[in-house]
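*Asks:* My structure is below; once you've seen it, I'll send some questions.
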Amino acid sequence: MADERLTGFGVFSTMGEPPRVGFLAGDEILDLAAAGLGRDFAEPSLNPLLARGRGAWEDALGRALELLERGQGPRVPLPEATLHLPFQVADYVDFFSSLEHATNAGRIFRPDQEPLLPNWRWLPVGYHGRAGTVVVSGTDVVRPRGQRRPPGADAPEYAPSRRLDFELELGFVVGVPSRLGEPVPPEAFADHVFGVVLVNDWSARDLQAWESAPLGPFLGKSFQTSISAWVTPLALLEEARVEARPQEPPPLPHLAGGRDWALDVALEVELNGTVVSRGNARTLYWTMPQQLAHATSNGASLRTGDLMASGTISGAERGSEGSLLELTWNGAEPLLLADGSERSFLEDGDEVVLRGRAGAVELGEVRGRVLPSR
Ligand code: CA
């Protein structure tokens, strides 16, 4: 198994058999329920395992890796499995933690002002999204309808979005809850968080631009968010952990920890078979422990299954941006795809795939195709 890719835990089913927990390695799923790992693995979601905490997570990973090492345990070829949403999403939070993305978005949407607003370097800006529309990779996305104001028009119209976009993000999954009223410090990150998934925060830029003032993202984001079918446990990412980039000014004391949790994970976005973006999660300004600490700094409690996403991950170089908004500079510089067609924003039928890789660890891909509006 020396060269075998390791991905993580998910929920799958096969013909005539109920959903259960497996571990994806290479192109095969190790069937952990059939391997006799216990009742938590015969469940249709990872939630029971998530709730058990770090000792149980390490035990589960250890046993899965041991079975793989020995070539034991029942396997299911990936193409024969149906993949399910791996956990019941409790709350969904989306941050805005990439300095380059926040700067690009500021330049595009507020060209006459300082691109970063005054709070940005003091806290990881975020909003609460819609947990009920988080779906598993492979789920099509229906082009949303909504209010958009065409350029130069006085009044908005209710119509299909013409500026549908993807956002490449890294999300973390909470396992162990916290108590209401008690902030979770950055240092407690690995006691509460089970692992990570790639996230595509589908975004309708025209709806977003019209509706967002002054309260922020709503229907331009909530129609659908896609995540990997596989959650990669933090313990598999130890070798990818690096020190985060410097922060200036230094954060306030309650957000100062967790700087050793940047992840050197190479990322890419493929659009209709053409790789249109290559970046790395280590460029994020705010780390996952800082995001978690900020989200609970007012005493808001965590629940098993909470999903918190980084925000679009964009690097400093052209071609490393995690959204079409930035890659095409709001449509001004369309991308050329391998089939000769150009894209400013997504068209019906387009397929987007997000991928992430850190050495032998390959995050679960996030795949989705755009369907016409209904
Ligand atoms: Ca986002």
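The values are calculated or read from the model by the stated rules, or taken from the named source; none is laboratory data. A quick note: this is a predicted structure, and the numbers were derived from the prediction, not measured. So basically every Cβ, Gly included, is an ideal-geometry build from the backbone, and we count neighbours across all protein chains shown.
*Asks:* Counting only residues that are farther than 22 Å from Leu234 by Cβ and in a helix (DSSP H, G or I), how many does the range 9-45 have?
*Replies:* 2
*Asks:* State all residues of the range 251-262 that are out of contact with any helix residue (DSSP H, G or I) (no Cβ under 6 Å at 6 or more places or on another chain) and either part of a strand (DSSP E or B) or not charged (D, E, K, R) (or both); if no residue qualifies, say none.
*Replies:* Within the range 251-262, Pro251, Leu252, Pro253, His254, Ala256 meet the criteria.
*Asks:* Across the range 300-350, what is the number of residues that are aromatic (Phe, Trp, Tyr) and within 16 Å of the ligand (Cβ to nearest atom)?
*Replies:* Residues that pass the stated criteria total 1.
*Asks:* Shifting gears a bit: Go through (1) out of contact with any Asp or Glu (no Cβ under 6 Å at 6 or more places or on another chain); (2) without any contact (Cβ under 8 Å) to a residue 24 or more places away in the chain one by one and return the number of the condition Pro48 breaks.
*Replies:* (1)
*Asks:* State which residue is nearest to Val141 (Cα to Cα) when the search covers only the range 205-236 and only residues that are away from the ligand (no atom under 14 Å from the Cβ) and among the aromatic types (Phe, Trp, Tyr).
*Replies:* Filtering first and then ranking leaves Trp230.
*Asks:* Okay, moving on. Would you confirm, using the coordinates I've provided, whether Ala51 is among the small types (Gly, Ala, Ser) and either over 25 Å from the mean Cα position of the chain (by Cα) or closer than 26 Å to Asp140 by Cα (or both)?
*Replies:* It is false that Ala51 is among the small types (Gly, Ala, Ser) and either over 25 Å from the mean Cα position of the chain (by Cα) or closer than 26 Å to Asp140 by Cα (or both).
*Asks:* Here is a follow-up. What are the residues in the range 223-248 that are surrounded by 20 or more Cβ atoms within 10 Å (Cβ to Cβ) and either in contact with a Lys or Arg (Cβ under 7 Å, 6 or more places away or on another chain) or aromatic (Phe, Trp, Tyr) (or both), if any?
*Replies:* Answer for the range 223-248, where residues must be surrounded by 20 or more Cβ atoms within 10 Å (Cβ to Cβ) and either in contact with a Lys or Arg (Cβ under 7 Å, 6 or more places away or on another chain) or aromatic (Phe, Trp, Tyr) (or both): Phe223, Trp230, Ala244.
*Asks:* Collect the residues in the range 46-70 that are among the small types (Gly, Ala, Ser), assigned to a loop (DSSP other than H, G, I, E, B) and within 17 Å of Thr7 (Cα to Cα), keeping them in residue-number order.
*Replies:* Correct list: empty.
*Asks:* Related question: Of the residues that sit in the range 117-161 and are out of contact with any strand residue (DSSP E or B) (no Cβ under 7 Å at 6 or more places or on another chain) and among the basic types (Lys, Arg), which one is nearest to His294 (Cα to Cα)?
*Replies:* Ranking the qualifying residues of the range 117-161, first place goes to Arg121.
*Asks:* So Gly171 fits all but one of (1) within 16 Å of the ligand (Cβ to nearest atom); (2) in a loop (DSSP other than H, G, I, E, B); what number is the exception?
*Replies:* Condition not satisfied by Gly171: (2).
*Asks:* Now, a different point. Say whether the condition of being within 15 Å of the ligand (Cβ to nearest atom), modelled with pLDDT of 95 or more and out of contact with any Cys (no Cβ under 7 Å at 6 or more places or on another chain) is met by at least one residue in the range 174-183.
*Replies:* no
*Asks:* Given the conditions (1) part of a strand (DSSP E or B); (2) at pLDDT below 95; (3) of a type outside the set (Lys, Arg), which single one is not true for Pro150?
*Replies:* The number of the failed condition is (1).
*Asks:* Inspect the range 329-341 for any residue being outside the structural domain of Leu78 (by TED's automatic domain parsing) and in contact with a Pro (Cβ under 8 Å, 6 or more places away or on another chain) and give the result as yes or no.
*Replies:* no
*Asks:* Here's another thing I want to ask about it. Within the range 351-373, how many residues are surrounded by 18 or more Cβ atoms within 10 Å (Cβ to Cβ) and under 17 Å from Phe223 (Cα atoms)?
*Replies:* 5
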